[in-house]
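Take a look at the structure below.
The values are calculated or read from the model by the stated rules, or taken from the named source; none is laboratory data. Note that the coordinates shown come from a computational prediction; the quantities given were computed from them, not determined experimentally. As a convention, Cβ positions derive from the backbone with ideal geometry for all residues, glycine included, and neighbour counts pool all protein chains shown. Accessible surface areas use protein heavy atoms only, side chains included; no ligands, DNA or RNA. Shrake-Rupley method; radii C 1.70, N 1.55, O 1.52, S 1.80 Å.
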Amino acid sequence: MKEGPDIARIAALIGDPARANILTALMAGKALTASELAQEAGVSLQTTSAHLAKLDQGGLIGMRKSGRHKYFRLAGDEVAGVLEALMGLAAGAGHLRTRTGPKDVAMRRARVCYNHLAGEMGVRMYAAMLGRGYLRQEGEALALTPAGTDFVASLGIDLGALPRSKAPMCRECLDWSARQSHLAGQLGRAMLSHFIARGWARRDKGSRVVWFSPAGEAAFDRLFGAVQPA
């Protein structure tokens, strides 16, 4: 079959180990320089520049200049969704990297998946919102119910003020570590931003980990249920 989207080209771009490391680093949602990405990829700056050019031409990343510096980030939510799905597929097939330290436990507990909350806490939030009728599955789509709209408004999140985006309001995202779904889309982004703005959580500067303060964790438990001891 010669007609249709060329998935082999996109797969080849993602499949190179160095480029896969670059894309994984950009899943933190931050714009990074070529030097920072070279460190993440474990290759020289010259080689990284060549990889970045290919990823840019393939529409997987974007670049913007600020003064003398160039910053790179994922092209959008659609690319992040594909990468997270591939992470889940790799994890399900047993293709996991060697654990390197205590942050791995923290990554599994709460982390950023491009722009929304993932890990055990992200899964718990999604399950609670679904179970309480704030979210409703409509075939393969996910919708915010009237009760969910009221809940979100009670948190102080103004859905009408969210930035214009092609991303859906709500989207189910398979969590690669928990093998269950967490909340993505515009609402997922707004919820994580709300937690950070309230001082309940903060981003780790050197990784995708999200740290919740004791007060933030207590507030999260009140909203989405505390984990019951075994």
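Couple of notes before you dig in:
- Helix-only arithmetic for the chain: the sum of -39500 (n - 2.57) across DSSP H runs with n ≥ 4, divided by the residue total, places the mean residue ellipticity at 222 nm at -14000 deg cm²/dmol.
- Spacing of the two label points (7 Å from each Cα toward its C-beta) at Ser66 and Lys30, in nm: 1.1
- Annotation: per residue accessible area for the chain equals 56 Å², rounded to a whole number [probe 1.4 Å, protein chains only].
- Share of carbon and sulfur in the accessible heavy-atom surface of the chain [1.4 Å probe, %]: 54
- Asp56, Asp175, reordered so the largest accessible area comes first (probe 1.4 Å): Asp56, Asp175
- Note: relative contact order over the chain, using C-alpha pairs below 8 Å and six or more positions apart, is 17 percent.
- Here mean projected area of the Cα convex hull in nm² was computed from the coordinates, and among (i) 13.5; (ii) 15.4; (iii) 11.4 the match is (ii).
- Computed from the C-beta positions of Ile10 and Arg136, the FRET efficiency with R₀ = 41 Å rounds to 0.80.
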